[in-house]
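Have a look at the structure below before the remarks.
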Amino acid sequence: MLVLTRKSNESIKLGDDITITVVEIKGNSVRLGIKAPGSLRIFREELYEKIKNENIMSLNIPMEEFEKINKALGSK
Amino acid sequence: MIKFSTTRFGVLEADEEKIINFSDGLVGLPDLKRFILIDHKDTPLKWLQAVDDPDIAFIVASPDIIVDGYSTDLDRTVKNYLQLENENDIVVLVILRVSGEDVIANFQGPLVINASSRKGVQTILERSHKTIQKTS
């Protein structure tokens, strides 16, 4: 992993289109500003991992479980 | 017309324009790009079947059949990504699964589809969103 030291208000560039700026450092938190093309999707890693795990658990559901889901939703 | 095999539904044929293109795949599953939506007869549920992997099919549903008032507040990024021209073309679906006796709907990672261009994306909602569980 590339490791760089940056101070508050300093930035790094990822290629030509993406700039990540250290906006504020407070205790053990760092606020980052990200400037990137409008269609680039940016996620907090822990949320990304959570959704990824949900997807993996959901991608091959057997028919019996389909019935269970159908039954549960029938009673909204 | 394309023809592809599936574990659950046998060999399927579909018009090219029925295919939903998730050009970045789903979150954590970047190779799953082409899907087809199959209504499950007499239920509000649908299968989101991968065209390129016979085993992979998600159970999905409109969030409205599960909870009232679910909103995704789609941001500009998602709309740009889907090249959305008309808000009415937005279709939102959530993925469902079973965990023990509960049914879990993934409200935090909804699928958003542009019904007119048939482009899709799985978005991640930032605000904390309880995964709703419903005991069957």
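The values are calculated or read from the model by the stated rules, or taken from the named source; none is laboratory data. Just so it is clear, the structure is predicted and the values come from calculations on it, not from any experiment. No Cβ is skipped: glycine too gets one built from the backbone with ideal geometry, and neighbour counts run over all protein chains shown. Ligands, DNA and RNA are excluded from the accessible area calculation, which covers all protein heavy atoms including side chains. Shrake-Rupley method; radii C 1.70, N 1.55, O 1.52, S 1.80 Å.
Observations on the structure shown:
- A:E49 versus A:N28: modelled label distance in nm, points set 7 Å from Cα along the beta carbon direction: 1.5
- Relative contact order %, chain A, counting alpha carbon pairs below 8 Å whose residues are six or more apart: 16
- Considering all C-alpha pairs of the protein assembly as shown, those separated by over 28 Å amount to 35%.
- Cα gyration tensor category, rounded, prolate or oblate, for chain B with a/c compared to 1.5: oblate
- Exposed-site-free run, longest, chain B (rule: trypsin sites (Lys or Arg not before Pro); DSSP loop; at most 14 other C-beta within 10 Å): B:42-126
- Each of A:E10 and B:S99 was given a label point 7 Å from its Cα along the Cα-to-Cβ line. The distance between the two points is 4.2 nm.
- Per-selection metrics, chain A (Cα): Rg and Dmax in Å: 20.6, 56
- Radius 14 Å from Cβ of A:N60, net charge of other residues (Lys, Arg +1; Asp, Glu -1): -3
- Annotation: amide H of B:V51 within the under-5 Å range of B:R34, B:F35, B:I36, sequence separation 5 or more or interchain, hydrogens built in the peptide plane.
- Point-to-point label distance, A:I18-B:S62, nm (Cα→Cβ direction, 7 Å offset): 3.6
- Label-zone membership for the stretch B:74-97, site B:D39, 7 angstrom Cα→C-beta point, backbone N under 17 Å: B:91-93
- Among the GluC sites (Glu not before Pro) found in the stretch B:26-125, those both in a DSSP coil and sparsely packed, with 14 or fewer other Cβ atoms within 10 Å of their Cβ, are B:E85, B:E101.
- Whole-percent carbon and sulfur share, accessible surface of chain B, 1.4 Å: 44
- Against chain A, whose longest principal axis comes from its Cα atoms, helix A:45-58 is set at around 20 degrees.
- Computed E for A:E64/B:E85 - FRET, C-beta separation, R0 41 angstrom, nearest 0.05: 0.50
- Here is how the number arises for chain A: DSSP H runs of 4 or more residues each give -39500 (n - 2.57), the sum is divided by the residue count, and the result at 222 nm is -10500 deg cm²/dmol.
- The heavy atoms of B:V78 present about 10 square angstrom of accessible area, all protein chains included, probe 1.4 Å.
- Restraint check, B:K18/B:K41; A:K52/B:K33; A:K35/B:K79; A:K13/B:K33; A:K68/B:K3, Cα-Cα greater than 21 Å: A:K13/B:K33; A:K68/B:K3
- Against chain A, whose longest principal axis is taken from its Cα atoms, helix A:63-73 shows a tilt of about 80°.
- Set against the 2.2 N^0.38 Å expectation for a compact globular protein, the stretch B:27-76 has a Cα radius of gyration ratio of 1.37.
- Accessible area buried between chains A and B, both sides summed, probe 1.4 Å, in Å² to nearest 100: 3500
- When only Cα pairs below 8 angstrom with a gap of at least 6 residues are kept, the stretch B:33-136 shows a relative contact order of 19 percent.
- Heavy-atom surface of the stretch B:1-112, accessible at 1.4 Å and reported per residue (Å²): 47
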